[in-house]
Amino acid sequence: MAVSIYWIRRDLRLADNPALTAAADNGQSVLPVYIHAPDEAGAWANGEASNWWLHHSLSALAQSLADHGLPLVIRRGESLATLDALIEETGATAVHWNRLYDPALIRRDKAIKAQLKHRGLAVHSHNAALLHEPWTIQTGTGGDYKAFTPFWRACRKLADPEPPLPVPALKAPEHAGTISSLKPEDLGLLPRIRWDAGLAANWQPGEAGAWQRLGDFLPKTLGAYEPGRDFPAEPGTSRLSPHLHFGEISPRQIWQAVQQQLAQGGDEATTTSIETFLSEIGWREFAHHVLYHHPDFPDAPLNPRFADFPWQEDADGQLLAAWQQGRTGIPLVDAGMRELYATGWMHNRVRMVVGSFLVKNLRLPWQAGEAWFWDTLVDADLAANSLGWQWVAGSGADAAPYFRIFNPVRQSERFDPEGEYIARWVPELAGLAVKHRHAPWEAPASVLADAGVTLGIDYPHPMVDLKASRQAALAAFEQIKKT
């Protein structure tokens with residue numbers, strides 16, 4: 001019986017998996033293979049939080065495959081050499097994989113496809129991660145989009161995505177049991193110092209976990225997504241982003257589930273909420289569109305003027321470290337950074353606030369924040385992370401103007417009006433009256449004393465004056481406007 005290798009990358013699911021379905025076509029036996037080759041991603045190999053997720057997602061996938069009678073073969077090493085060895089061992093005549101869009105991995109996959117085809121194998125790559133391939137959405141002049149709204153408008157004019165694929169009938173190669181394999185724990189993905197208890201308490205990696213998350217979100221939260229998504233103390237977002245990144249659920253599956261919810265009807269507010277949520281899938285599509293057309297986007301500003309931006313010196317790294325550790329003295333910023341470290345995730349509005357504070361109040365390079373998020377987010381995605389940081393820096397596609405500087409005090413007063421989010425993640429301020437949690441340095445000394453808070457001891461003084469640092473940022477922006 002002919003053997004097809006299904007090369008697994010970030011598509012850790014069985015349903016709606018085009019490469020797996022194609023590999024199993026015509027009754028071929030399928031050998032699922034995961035190759036651990038982090039060096040091939042270049043500077044953007046998985047961070048610590050992503051590695052934690054990958055370990056558990058691989059374990060879940062191995063169990064799902066076993067339930068269908070297939071092994072998960074895990075190997076470590078250079079991808080082409082590993083595939084060659086497996087082809088030799090199994091007599092495989094075809095290799096299938098689902099596409100990735102990170103620039104270094106695009107180059108690798110093109111080279112591997114050419115090599116394998118030259119050796120006479122049938123080699124096919126498939127789209128499993130996006131509603132639309134990045135090169136298929138074009139402006140009227142055939143170029144790429146630099147702004148989200150016209151991009152998403154162009155996407156919505158196209159036909160709805162094809163229905164998701166079911167899990168195919170799967171057959172293992174006759175000698176599958178003799179093929180050597182590592183176990184997920186052999187890859188060393190879990191931290192040696194176990195800081196991951198908060199991740200384990202908040203997440204269930206794997207296809208079943210993704211569907212559990214979607215199943216909770218649709219009836220309970222989707223109808224009030226707008227404006228509920230803006231309040232970090234509330235469970236107003238889907239939290240599907242890590243499941244999407246690792247391919248445990250597909251955008252087509254989410255799209256279909258949301259459309260079914262929309263078909264059930266509802267008031268105008270519900271319809272608006274659903275359309276707003278679908279536009280968030282659109283932002284994910286847009287991020288991949290921008291990255292595909294601008295491969296240096298994770299490292300260099302899309303607007304070249306920002307290459308000469310006068311960043312502040314931080315020779316000893318103390319400014320960056322205080323931001324990373326959530327000890328800036330600005331409660332909403334500190335709450336967000338502590339939530340990130342504890343859970344591997346941060347509410348999207350708070351991501352914008354902490355990003356603005358780093359880039360504009362501290363005037364540190366957006367690449368430093370991008371790198372920290374890459375290491376600590378369970379949903380660290382090269383396209384989305386780059387788009388988000390260049391958006392907040394004012395240098396990217398459809399970016400916020402540089403002069404838009406989030407005031408973290410006003411933001412927490414508006415979107416955390418009861419101070420619940422701050423109290424949850426900055427518990428040393430929980431004893432303060434709500435009106436003082438947002439800016440404790442403005443509280444009378446007697447109020448601080450009654451709450452058991454001594455600034456500089458129990459909680460830091462603000463690192464910077466928000467008004468003065470805003471003016472310094474605007475002055476710095478004026479310098480590059482003249483270049």
Return the residue satisfying two criteria in turn: it lies in the range 81-99 and is among the acidic types (D, E) and either free of Cβ contacts under 8 Å to residues at least 12 places away in the same chain or not in a helix (DSSP H, G or I) (or both), and of such residues it is surrounded by the fewest Cβ atoms within 10 Å (Cβ to Cβ). E88
So which residues in the range 395-438 are acidic (D, E) and assigned to a loop (DSSP other than H, G, I, E, B)? D398, D416, E418
Subset of the range 208-235, residues in a helix (DSSP H, G or I) and crowded, with 17+ Cβ neighbours inside 10 Å, comes to G209, A210, W211, R213, L214, F217, L218, L222, G223, Y225, E226
Name every residue in the range 150-179 that is surrounded by fewer than 11 Cβ atoms within 10 Å (Cβ to Cβ) and free of Cβ contacts under 8 Å to residues at least 12 places away in the same chain, in order of residue number. K157, A159, T178
For residues that are outside any helix (DSSP H, G or I) and out of contact with any Pro (no Cβ under 8 Å at 6 or more places or on another chain), scanning just the range 315-343, find the one that is surrounded by the most Cβ atoms within 10 Å (Cβ to Cβ). G326
Checking the structure you have, find out if any residue of the range 236-254 is in a helix (DSSP H, G or I), without any contact (Cβ under 8 Å) to a residue 40 or more places away in the chain and surrounded by 18 or more Cβ atoms within 10 Å (Cβ to Cβ). yes
Could you identify the single residue in A400, A383 that is surrounded by fewer than 19 Cβ atoms within 10 Å (Cβ to Cβ), within 17 Å of A287 (Cα to Cα) and in the same structural domain as E339 (by TED's automatic domain parsing)? A400
Looking only at the range 152-180, which residues are farther than 23 Å from A257 by Cα and not in a loop (DSSP other than H, G, I, E, B)? A176, G177, T178
Report, by residue number, each residue of the range 64-80 that is touching a residue at least 24 places away in the same chain (Cβ under 8 Å) and assigned to a helix (DSSP H, G or I). S64, L65, S79, L80
For the range 293-314, does any single residue satisfy the condition of being outside any loop (DSSP other than H, G, I, E, B), of a type outside the set (K, R) and within 22 Å of Y459 (Cβ to Cβ)? no
Determine which single condition D144 fails, assuming it passes every other condition in (1) surrounded by fewer than 16 Cβ atoms within 10 Å (Cβ to Cβ); (2) in a loop (DSSP other than H, G, I, E, B); (3) at pLDDT 95 or above. (1)
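The values are calculated or read from the model by the stated rules, or taken from the named source; none is laboratory data. Predicted model, so just to flag it, every value in this text is computed and none were measured. Neighbour counts are summed over all protein chains in view; Cβ atoms, including those assigned to glycine, are modelled from backbone coordinates with ideal geometry.
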